[in-house]
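The values are calculated or read from the model by the stated rules, or taken from the named source; none is laboratory data. All figures in this text were calculated on a predicted structure; none of them were measured in a lab. Every residue, glycine as well, gets a Cβ built from its backbone with ideal geometry; the counts of neighbours run over all protein chains shown.
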């Protein structure tokens with residue numbers, strides 16, 4: 001193949017190791033087989049995206065530590081008002 005099947009320009013041979021192909025510098029044609037059919041991915045829901053975000057970014061907290069911190073800090077006693 002000496003001329004481009006798209007634009008009839010001259011082709012260049014590209015090689016990498018044992019593999020070689022031709023391409024056209026004018027219209028960017030490349031003699032590389034491609035698959036034009038694809039299986040669409042199932043879109044991610046907002047709920048799944050937010051759950052994934054929180055799982056990856058929010059530090060995990062041990063519930064025992066949360067309870068012990070609450071026990072360690074007693075609430076202050078209310079101040080009596082004098083009228």
Residue hits (region 16-47; within 16 Å of residue 4 (Cβ to Cβ) and at pLDDT below 80) are 32
Residue by residue through region 48-83, note down the ones that are at pLDDT below 75 and either in a helix (DSSP H, G or I) or touching a strand residue (DSSP E or B) at 6+ places or on another chain (Cβ under 8 Å) (or both).
-> 63, 64, 65, 66, 67, 68, 69, 70, 71, 72
Has region 29-42 got any residue that is surrounded by 11 or more Cβ atoms within 10 Å (Cβ to Cβ) and not in a loop (DSSP other than H, G, I, E, B)?
-> yes
